[in-house]
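The values are calculated or read from the model by the stated rules, or taken from the named source; none is laboratory data. Keep in mind that this is a model prediction, so the values were computed, not measured. Note that each Cβ is placed from the backbone with ideal geometry, even for glycine, and that neighbours are counted across all protein chains shown.
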Amino acid sequence: MFPAFPLITTLGTILLLIVFIAVSVWVALDARARGNPHPLFWAVFAPLSGVLLLYYVGWWRRKHDRERSPSRREQYAAVVAVAGVGGFLVSAVVLPPDPVSQMLFWPVAFVACLPVAYWLIVRRHITP
């Protein structure tokens, strides 16, 4: 067995939990800002179900306007969520379907996606 396998799986699991929590926080804060009476429903079930998350991002958000601008906490949670999902997609597309190599590369891709996600989310909301 690969000697660093426990370390890799621990790091990947911690990163997965961090991204999961970031997606939950972002969905809850965004749903609350859009006037949803049950933002915790979205926060719990949207990250658990990819279909519900796609529904929330692709359809529900577009039909409901924001009542207030995004807070810093919401923006940073969105940055971590987008970088986590983006890093996972990059590692899934670029690497062979080997879970060990994907777990090795996902944290690297996550760190590489952080500046891009920050630029996409935080920088476009800063007013001069």
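A few notes on this one:
- Restricting the stretch 1-42 to residues that are more than 25 Å from Tyr118 (Cα to Cα) and buried (at least 17 other Cβ atoms within 10 Å of the Cβ), the residue that is modelled with the highest pLDDT is Asn36.
- The residues of the stretch 3-56 that are among the charged types (D, E, K, R) and out of contact with any helix residue (DSSP H, G or I) (no Cβ under 6 Å at 6 or more places or on another chain), listed by number, are Asp30, Arg34.
- Qualifying residue in the stretch 63-78 (condition: assigned to a helix (DSSP H, G or I), small (Gly, Ala, Ser) and touching a Pro at 6+ places or on another chain (Cβ under 9 Å)): yes
- Residues satisfying the stated conditions in the stretch 68-94, i.e. free of Cβ contacts under 8 Å to residues at least 40 places away in the same chain, crowded, with 17+ Cβ neighbours inside 10 Å and over 13 Å from the mean Cα position of the chain (by Cα): Val90, Ser91
- Test: residue in the stretch 83-94 that is under 14 Å from Asp30 (Cβ atoms) and among the hydrophobic types (A, V, I, L, M, F, W, C): no
- Scanning the stretch 43-67 for residues that are touching a Phe, Trp or Tyr at 6+ places or on another chain (Cβ under 6 Å) and surrounded by fewer than 18 Cβ atoms within 10 Å (Cβ to Cβ) yields a single hit, Leu52.
- Residue count for the stretch 98-128, restricted to those that are under 18 Å from Leu16 (Cα atoms) and of a type outside the set (Phe, Trp, Tyr): 15
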